[in-house]
Amino acid sequence: NQALFTVEIEKLTNEVLSPIDGIVSRILFEAQQTVACSDVVCVISESSTEVLEPVQSEENQEEKTKPKTEKKPVVEKEQYKIGKRIITPKAEVLAKELNISYQGIAGSGMHGMITRSDVRKAVSLQKQAPAVVEEKTEMKMPLKGARKVIAQRMCESLATAAQSSLWMDADVTDLMSSYQKHKGSYKSKGVKISITAVLIRVLAQVLKNHPICRTQIDKEGNLTVLQSINIAVAVDTPNALMVPVIEDCDQKTTLQIASQLAMLVDKARVGALTSVDMAAHVMTLSNLGSYGVTYSKPILNLPESVILGTGKICKKPVYIDGGLFAKDILPLSLTFDHRIVDGGPAAAFLQDFCSALLSAKIEAVS
């Protein structure tokens with residue numbers, strides 16, 4: 001059960017444990033190599049009699065096949081000096097006063113001794129020499145792992161779906177008051193409730209009434225309406241964007257959603273997500289409010305037909321019945337696949353979500 005190696009499959013990274021007792025006697029692939037599912041990557045022996053034989057690159061193999069040539073010792077021209085002294089005493093004192101090393105200074109005195117004039121000349125040359133400009137080198141690295149998968153999927157999404165976007169503002173003043181009122185009770189249960197968890201709860205209820213936004217198209221052009229309201233959440237991690245899924249959001253309380261979301265975010269940031277955490281989903285929520293972003297244009301996470309981006313909640317003056325009132329406004333950005341969803345149904349969905357947020361309340365926990 002000791003870890004043998006780490007395997008990266010699309011966006012998931014998992015350790016592979018040894019199924020048996022023994023000693024790794026051969027390693028057949030180098031790190032970062034792409035390996036087919038049926039390939040043998042290492043050999044485990046029952047005893048330590050076999051020598052470990054790691055795979056060697058072609059360059060190393062070529063080096064071994066090249067005939068060895070004896071290197072002739074390089075005889076450096078010895079500097080002529082009297083005893084061990086190569087600088088006159090007065091010149092040495094001057095070098096210390098001027099804070100300059102006399103090593104490497106060419107001597108013009110008798111037998112190549114460094115004189116005071118040689119030291120002064122070296123100081124003069126140092127002042128005249130142009131400052132050393134650090135050479136800037138560009139760093140190149142291969143596109144691999146999760147970053148490569150994201151690149152492929154985003155390009156595929158833009159090349160495949162007819163993506164269009166709508167933007168709308170939602171009044172969440174009462175919802176934020178409810179959030180501030182009840183977040184302490186959630187904390188007492190060991191759960192830090194987030195705005196994202198609240199939005200998922202409201203979003204799930206709205207999705208139940210909009211089957212067109214739960215419709216997906218396959219490569220053969222067949223449409224499928226998904227009944228399970230599983231919502232994916234975009235999570236920024238040090239390695240790459242991860243999109244874990246909360247299943248059956250319409251059947252869960254805000255407390256349950258907040259608890260599961262916190263667990264999934266922690267797993268995503270330490271690279272511990274599994275295929276179970278990346279289940280099929282009807283929609284993705286991307287909340288960039290913590291970065292100060294207002295509106296965005298999220299790219300569809302195929303095969304979804306809609307994706308919702310939310311921004312930073314800001315206080316804004318709103319004109320109501322002849323007066324101006326300060327309201328908490330949440331910017332919304334909806335991208336939809338025009339092959340499946342027309343502009344009217346997409347706008348209706350966004351409008352219903354805004355209405356639901358206007359009257360939404362966070363349930364208290366005891």
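What to note about this one:
- Averaging Cα coordinates gives a centre for the stretch 302-361 and one for the stretch 1-47; these two points are 48 Å apart.
- Each Lys and Arg adds +1 at its Cβ and each Asp and Glu adds -1 at its Cβ; summed about the Cα centre, the chain shows a dipole of about 2040 debye.
- Reported to the nearest whole Å, the Cα centre-to-centre distance from the stretch 124-202 to the stretch 206-268 is 18.
- Flagged links, alpha-carbon separation over 30 Å, of K144/K192; K252/K316; K140/K219; K297/K327; K148/K208; K219/K252: K144/K192; K252/K316; K140/K219; K148/K208; K219/K252
- A simple spin-label model places the labels of Q351 and K312 3.0 nm from each other, with each point 7 Å out along Cα-to-Cβ.
- The stretch 335-352 residues near the modelled K297 label - backbone nitrogen below 14 Å, point 7 Å along Cα→Cβ: 335-336
- Here the simple spin-label model places points 7 Å from the Cα toward Cβ, and for S47 and L17 these points are separated by 2.9 nm.
- If R0 equals 25 Å, the separation of the Cβ atoms of H338 and R153 corresponds to a calculated FRET efficiency of about 0.85.
- Each label was represented as a point 7 Å from its Cα along the Cα-to-Cβ direction; for T224 and K140 these points are 4.2 nm apart.
- Longest stretch of the chain clear of exposed loop sites (GluC sites (Glu not before Pro), DSSP loop, at most 16 other Cβ atoms within 10 Å, sites excluded): 248-362.
- Calculated FRET efficiency for the pair V7/D174, C-beta based, R₀ 45 Å, to 0.05: 0.40
- Antiparallel DSSP beta bridges within the stretch 162-359, as percent of all bridges there, nearest 5: 80
- Within the chain, the whole DSSP H helices whose Cα atoms reach 20 Å or more along their own axis and whose mean Kyte-Doolittle score is at least -0.5 are 145-160, 254-269, 343-359.
- Sites matching trypsin sites (Lys or Arg not before Pro) across the stretch 215-297 that sit in DSSP coil, with at most 15 neighbouring C-beta atoms within 10 Å: K219
- Shape call, the chain: gyration tensor on alpha carbons, a/c limit 1.5: prolate
- Cα shape, the stretch 163-216, gyration tensor, a/c 1.5 rule: prolate
Just so you know, all these numbers are worked out from the coordinates, no wet-lab data involved. In this text the structure is predicted, and so the values were computed from the model without any measurement. So basically every Cβ, Gly included, is an ideal-geometry build from the backbone, and we count neighbours across all protein chains shown.
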